[in-house]
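Right, one structure below, let's go through it.
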Amino acid sequence: MTANAEARAGASAAEGQDAERREVFQYALRRFGVYLFTLWAAITVAFFIFRLVPGDPMNILLGNLARAEGRQRDAEEEEALIAHFRQIFGMDEPLPNQYVNYLRKAILGGLDLGPSFVEYPTQTKDLVFRRMPWTIGIFTTSVLLAWIVGTGLGALIGWLQRSRLSKLAVVISTLLQITPVYLVALGLIIYVGYTWRILPAGGPYARHLQPEWTWEFISSLLTHAILPMLSNMIVIGAGFTLGMRALMISVLGEDYLTFARAKGLSPFTVLKDYAFRNALIPQVTALAIIVGATLNGTFIIEVLFQLPGLGTLFVQAMGLRDFNTMQAVVLFSIFAVLTLTLIVDLALPLLDPRVRRTA
Amino acid sequence: MPALLEIRGLTAGLQGQRAVTEVVSQVDLDVQAGEILGVVGESGCGKSTLAAAIMRLLLPPQVLQSGSMTLRLKDGKTYELLDLPEADLRQLRWRRLSYIPQGSMNSLNPVLRIERQMTDTLIQHGLSREEALRRSIAALELVNLEPRLLDSYPHELSGGMRQRVIIAAAVSMRPALIVADELTTALDVVTQRQILQELAAIRDELGATILIITHDMGVVAQIADRVAVMYAGKIAELGTVNGIFESPLHPYSQGLIGSIPREGGHRVEGLPGEAPSPWNYPAGCRFHTRCPHVIDRCRAQVPALLPQGDGTWAACHLYEPEVLSNA
């Protein structure tokens, strides 16, 4: 090759890299647009759907007030109170205006989602931020752990598909996967928590403790987190195991696997670079899908284990028809799920060169 | 001179619920050093099973039932392929024995760059990274591909290029024997022709021996020195390309040659009937259900593969001495 030709080859290689970088950037940009749109659509649906739930929050509020004070107000007084509350909660205007105001305040007012009914006059935003760490902590940790364990286990039993132990593992995972998460949670609470008394099965930490940076508090926090996370992990992990096993088995039938073995590669290299690496790509997508589908399971777990997360908050808010809080919980859940999905989607091109072109 | 690869009594089948169904039965075949031997036959006649058995790449439910395969290398080393433990087999693969698989379109891992897929084996066989890279580049040049292809992913290459990459990978360690299973099937005729020419050139340059499995008589005619015609899991006839194309002995070979379109307005004559599947191979000569020259003993007795002079072997009762003397 002449020096000239070499230089040209170098230039075209650099151009190729530039093109690739541009494509990755465009992919990310497009993906981010979809993210924003989904977020908006979800907020809108949440806004209208909760207002379709029967029951006027004002009546419930007044009823509670009357019970607390032990006296009935006359009609005129009630009218005045309702008007006052409606104004506070921005419910005195027609629905379309409420919607526009809600969006305007949420976006331009720095996430001003109005006051909560549940803990009036606390701002909904503050309420959600206070509860969110519990949900995020339990949910993210358990889903990620379930994914890691399930992927590893699934890869292994897929690779050893013909062994007896693998077949047994498939039966067990299938049974666990179809068990509803609340049954698993109840089982753990009853047996591990109360009958055998191995681990605490209720509350976020021991009753006599205060949140502080001491070893006693942290260890109490962690032991209380084991059972809720385990409930989530068992069910989700079993699903991930079965999914990964199926992916491995289909990859094992691919021509490139036969070729890899024919090349004289060690079984470990074949497993790692040819089977596992390829089966991992759809498994990462599965993580993104499962993330959205399992958040509600976490809400149930929070209620069962009496954890002060978004799930328990949502149940409280539901009872009061607290639109502001319900919307905020939905908004933050969707935000969390979409963000995780976005991260996963943006990670895909790193794993699969084909996505960089076609997505 | 002893054969490079000596296959004796090779029988392989499919493991069913109760019994094993024989797919390849009692195959004897000698592959001579330096030759290109074509194995032709219809779909389902067991040629790919034979190739996989030679590479010891049979996967359940495929099972190897009996037989022996001896690989005799020029340096005097001899390997009994069927007795070799996995670890030794891995050492042998690629260094001595390579494989160009059927379905080459999907034989490259879609998520790894070509460089990784060519060099990983070389590195595991003890070469340094630089040496592995140098050899891969040299191998790519053998099949007229540019070295910068190493940076590509398989989906960025055309079918012909992928096939060439696979051939390059297969010859990168200068193996003594290359088993190529239907290597041109998915390609257009122009590319097919070029690739066969490249393969023949590689044989001349590396002194490799090539066993080429195909259903395409054209491929055999273009590249092979000798041909083994397979029918229903057995070798029907073995001979030189010229011998088999000019004067085929076995009625099945005659039928195959007769079904090739020719110049001059000859009518193409196909074989009547269909090839039997392994689940209902006929007793006696497996071809007797379709054979125009069938005699009584064909239905009862399995014909042996016997030498017929000029290096031709045929498994047909018609050429057995006592039948010939009766006629």
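The values are calculated or read from the model by the stated rules, or taken from the named source; none is laboratory data. It should be emphasised that the depicted structure is a prediction, and the values quoted were computed from it without experimental measurement. Here the Cβ positions follow ideal geometry from the backbone for every residue, glycine too, while neighbour counts run over all protein chains shown.
General remarks:
- Complete set of residues in the range B:84-103 that are facing chain A (nearest Cβ under 9 Å) and among the acidic types (Asp, Glu): B:86
- Residue list for the range B:106-120, filter: surrounded by 15 or more Cβ atoms within 10 Å (Cβ to Cβ) and part of a helix (DSSP H, G or I): B:106, B:114, B:115, B:117, B:118, B:119, B:120
- Candidates are the residues of the range A:54-84 that are among the charged types (D, E, K, R) and not in a loop (DSSP other than H, G, I, E, B); the one that is farthest from the chain's Cα centre (by Cα) is A:76.
- Selection count, the range A:85-117, where residues are within 26 Å of the chain's Cα centre (by Cα) and surrounded by 18 or more Cβ atoms within 10 Å (Cβ to Cβ): 7
Yes/no matrix, rows are residues, columns are (1) within 14 Å of chain B (Cβ to nearest Cβ); (2) modelled with pLDDT of 90 or more; (3) touching a Phe, Trp or Tyr at 6+ places or on another chain (Cβ under 8 Å):
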| residue | (1), (2), (3) |
| --- | --- |
| A:191 | no, yes, no |
| A:227 | no, yes, yes |
| A:230 | no, yes, no |
| A:240 | no, yes, yes |
| A:253 | yes, no, no |
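- The range B:69-83, subset in a helix (DSSP H, G or I) and touching a residue at least 24 places away in the same chain (Cβ under 8 Å), residue nearest to the other protein chains (Cβ to nearest Cβ): B:81
- Qualifying residue in the range B:121-139 (condition: among the hydrophobic types (A, V, I, L, M, F, W, C), over 26 Å from residue B:53 (Cβ atoms), within 11 Å of another protein chain (Cβ to nearest Cβ) and surrounded by fewer than 23 Cβ atoms within 10 Å (Cβ to Cβ)): yes
- Test: residue in the range B:56-68 that is within 14 Å of chain A (Cβ to nearest Cβ), touching a strand residue (DSSP E or B) at 6+ places or on another chain (Cβ under 9 Å), surrounded by 17 or more Cβ atoms within 10 Å (Cβ to Cβ) and part of a helix (DSSP H, G or I): no
- The condition of being closer than 28 Å to residue A:340 by Cβ and aromatic (Phe, Trp, Tyr) holds for only one of A:182, A:191, that being A:182.
- Restricted to the range A:153-165, and to residues there that are out of contact with any Ser or Thr (no Cβ under 9 Å at 6 or more places or on another chain) and without any contact (Cβ under 8 Å) to a residue 12 or more places away in the chain, the residue that is surrounded by the most Cβ atoms within 10 Å (Cβ to Cβ) is A:163.
- Residue pairs meeting the criteria (Cβ under 8 Å; at least 6 apart or on separate chains; first within 22 Å of residue B:174 (Cα to Cα) and more than 7 Å from chain A (Cβ to nearest Cβ), in the range B:106-119; second part of a helix (DSSP H, G or I) and hydroxyl-bearing (Ser, Thr, Tyr)): B:115/B:136; B:118/B:136; B:119/B:136
- Among the criteria (1) of a type in the set (Lys, Arg); (2) part of a loop (DSSP other than H, G, I, E, B); (3) over 25 Å from residue A:259 (Cβ atoms), the one residue B:95 does not fulfil is (3).
- Residue within the range A:284-297 that is within 14 Å of another protein chain (Cβ to nearest Cβ), within 30 Å of residue B:126 (Cα to Cα) and surrounded by fewer than 23 Cβ atoms within 10 Å (Cβ to Cβ) present: no
- Given (1) surrounded by 16 or more Cβ atoms within 10 Å (Cβ to Cβ); (2) touching a residue at least 24 places away in the same chain (Cβ under 8 Å); (3) of a type in the set (D, E, K, R), number of the condition residue B:151 does not satisfy: (1)
- Checking each residue in the range A:135-150 for being in contact (Cβ under 8 Å) with a residue 60 or more places away in the chain and over 16 Å from residue A:176 (Cβ atoms) picks out A:135, A:136, A:137, A:138, A:139, A:140, A:141.
- Cβ separations smaller than 9 Å between residues 6+ apart or across chains give the following pairs from the range A:334-356 residues that are within 11 Å of another protein chain (Cβ to nearest Cβ) to residues that are assigned to a loop (DSSP other than H, G, I, E, B) and crowded, with 19+ Cβ neighbours inside 10 Å: A:351/B:111; A:352/B:111; A:353/B:111; A:353/B:112; A:353/B:153; A:354/B:111; A:354/B:153.
- Criterion violated by residue B:22 - all others in (1) more than 17 Å from residue B:232 (Cα to Cα); (2) among the charged types (D, E, K, R); (3) in contact (Cβ under 8 Å) with a residue 60 or more places away in the chain; (4) touching a Gly at 6+ places or on another chain (Cβ under 8 Å) satisfied: (1)
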